[in-house]
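Please treat every number below as a calculation from the coordinates, not as lab data. The shown structure was predicted, so the numbers you read here are calculated from the model rather than taken from an experiment. Cβ coordinates were reconstructed from backbone atoms using ideal geometry, including for glycine residues, and neighbour counts include every protein chain displayed.
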Amino acid sequence: MNVEKTKKYIIEWLKKYAEKNNKKFVVGVSGGIDSALTSTLCSDTGVKTLIVSMPIKQNKSQLKRARKHSKWLKSRNKNIEFIELNLDDLFDSFKSSIPEQNQNELGLVNSKARLRMTVLYQLASANNSIVVGTGNKIEDFGVGFFTKYGDGGVDISPIADLTKTEVKKIAIDMGIINEIIEAEPTDGLWENELTDEDQLGAKYSELEWAMNYRLKEDKSNHLSVKEKLTLEIYDKHNKNNKHKMIPIPICKIPKKIKT
């Protein structure tokens, strides 16, 4: 990958989209590399960009990184505004309204992501803006590692054609703070601080290999035990999360039945 050309292409793509639709940007930042890169790319367009930190029972180190990033980004460009909205009380109120027998842990984790999405769209509506997605290629099109109508609920996706490895290369090139670049990837939604690898069962580099392998026409039969296991993990997530990565099924009713 040509880092410089790729970076410039994404920035120009974002700028043209904003100008064509007369919109500004809203980006949720978590303290992770994907949202840090996305917000930096948006900022470098010169378009007004609102970056939003929305902690919900979140690890303090992640929140600290989000604050550091916002401070760095504001020193880099003048078109940045930063808001921090603590959603602890909102989530507690939501949780208390759900009958205890329906308080599934995964469901509540996904609800955190959906609350964040709702806040981002409220801010976007109030500021004539669009919500910019922060998902990378492996998450969005490989293993479906995002919350449907949560962090998957966005208007545009500027880094969705970049693998995690490519995201890191561009982030380094753009000078994003090293603390974020080296941080263990996490969605920040689990109170026991599960990392992405804990949830997925494999590293992003391994999943990138599996995705590329599945896309190849000539597949080698000589795979190591580790490679076979990685493929099993990738295939499991890809199958189970397919509903997130394809258009919503529509019941097409034949004309002869309708009439």
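Below, the figures for the structure above:
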| read-out | value |
| --- | --- |
| Highest-first arrangement of 130-138, 118-126, where packing means the average Cβ count within 10 Å | 130-138, 118-126 |
| Dipole axis of the chain (+1 Lys, Arg; -1 Asp, Glu on Cβ), positive-most option in Phe94, Phe82, Thr45 | Thr45 |
| Tail weight of P(r) past 19 Å, computed on alpha-carbon pairs of the stretch 112-164, percent | 27 |
| Relative contact order for the stretch 3-194, counting Cα pairs under 8 Å that sit 6 or more residues apart, in percent | 27 |
| 222 nm mean residue ellipticity, helices alone, for the chain (DSSP H n ≥ 4; -39,500 (n - 2.57); rounded to 500) | -16000 deg cm²/dmol |
| Links that overshoot a 32 Å alpha carbon limit, given the list Lys7/Lys244; Lys112/Lys203; Lys78/Lys137; Lys57/Lys242; Lys48/Lys239 | Lys48/Lys239 |
| Centre separation in Å (Cα based) which lies between the stretch 81-153 and the stretch 13-36 | 17 |
| Compactness of the stretch 3-194 - radius of gyration and Dmax, Cα, Å | 16.0, 52 |
